[in-house]
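> For reference, the structure I am asking about is given below.
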């Protein structure tokens, strides 16, 4: 029923094979469109999107801090405020009330 097809990637222009088993998988998931990108460009696009958490956003900025409790260096996703303690994830969890 399915036969391998040669498609052209819309991003890099390279030819790639849309295998019979991939076509069967697409059909089983209800996908109606053939892939427009080669596997390498699909993977690169997914990685770009995952790194920025949402399409079009910059990756989250991380800040180096020294843990108030244990003194180890840690990274936090917010800019520390002067006069407020900052903890590494282990110390934060130990101080957390359940």
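> Look through segment 70-89, keep the residues that are out of contact with any strand residue (DSSP E or B) (no Cβ under 9 Å at 6 or more places or on another chain) and surrounded by 11 or more Cβ atoms within 10 Å (Cβ to Cβ), and return whichever of them is farthest from residue 60 (Cα to Cα).
This residue is 70.
Here is a yes/no grid of residues against (1) assigned to a strand (DSSP E or B); (2) within 25 Å of the chain's Cα centre (by Cα):
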position: 11; (1), (2): no, yes
position: 22; (1), (2): no, yes
position: 40; (1), (2): no, yes
position: 45; (1), (2): no, yes
position: 64; (1), (2): yes, yes
position: 84; (1), (2): no, no
position: 92; (1), (2): no, no
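Quick note: the coordinates plus some simple rules give every number you see, no bench work behind them. Only a predicted model underlies this, so the values are computations on that prediction, with no experimental measurement involved. Here the Cβ is made from the backbone with ideal geometry for all residues, glycine too, and neighbour counts use every protein chain on show.
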